[in-house]
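The values are calculated or read from the model by the stated rules, or taken from the named source; none is laboratory data. Everything quoted here is computed from the prediction, not taken from an experiment. Backbone-built Cβ (ideal geometry, glycine too); neighbour counts: all protein chains shown. Protein only, heavy atoms only, side chains kept; ligands, DNA and RNA dropped before computing areas. Shrake-Rupley method; radii C 1.70, N 1.55, O 1.52, S 1.80 Å.
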Amino acid sequence: MSDSHLNQNTPEERKAREAESATNDAAPVSEETTTRKTFTRRTVLAMAGCGVAGLVAGGVLASWGVTSASIASGRIEIRTTPTKMIVTDRARCSGCQRCEMMCTLKNDGRVCQHIARVRVWDNYNFGTNPGSGDGSYANCQFTVEHCKQCADAACMNYCPVHAIYASEDNGARMVDTDRCIGCGMCAQACPWNMPRIDSQSRVSTKCISCGRCAEQCPNGAIKFIDWQDIAQKVIDQGVVRTTTLVQV
């Protein structure tokens with residue numbers, strides 16, 4: 001080790017460097033060194049910390065019949081994806097199963113209730129369970145089941161060949177049919193049993209958030225709402241405003 005290196009690490013040298021560092025930290029940041037980051041409508045909700053609860057409290061979702069009471073009662077369910085909000089209203093569902101039919105017609109080219117990505121029939125008779133009081137034998141309210149597009153998706157985590165991935169377009173969890181081996185692990189891992197194995201193609205199928213079920217529902221029980229539309233509605237109603245943050 002050289003003498004010059006030893007001299008740089010003497011107590012006097014260290015104190016001098018610490019004093020210089022403290023002076024620099026205390027100095028005001030010039031306007032030229034200030035970094036500005038502008039947030040657009042698409043990110044304004046995350047920026048303001050305004051989640052679904054904030055949208056409900058601000059009356060932003062009122063036009064879709066969403067209130068705190070309807071969510072608490074279980075009548076309305078809201079799920080969010082990177083680009084969509086999925087609102088399902090059990091009180092509007094008549095159990096016609098048109099959503100199941102149109103889903104498979106678009107995605108599979110045939111009507112096949114078993115592999116429908118949105119499902120009413122699973123809970124048609126008794127609701128989610130025989131004691132729920134729902135379904136055709138009780139209050140005739142039907143549960144609309146659909147993929148939750150989980151942030152930490154069990155179907156994706158447990159696929160042995162990594163055939164399930166997140167779409168770059170809308171963030172939906174999708175199945176790579178060329179890679180899928182039809183083992184059914186995704187269906188077993190999913191708490192809601194959403195993925196299904198197509199008996200004809202022998203590969204897994206699941207919801208890709210295409211919105212066909214919402215388009216064809218005659219009663220408006222399913223709605224796919226763009227996050228950007230929601231963000232604009234938030235801004236228009238004054239719940240939050242677009243802001244430029246200054247990072248120093």
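Below are the figures for this structure:
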{"read-out": "For Cys103, net neighbour charge (Lys/Arg +1, Asp/Glu -1) across residues whose Cβ lies under 14 Å away", "value": "+2"}
{"read-out": "Rounded percent of accessible protein surface that carbon and sulfur make up, segment 103-248, 1.4 Å probe", "value": "47"}
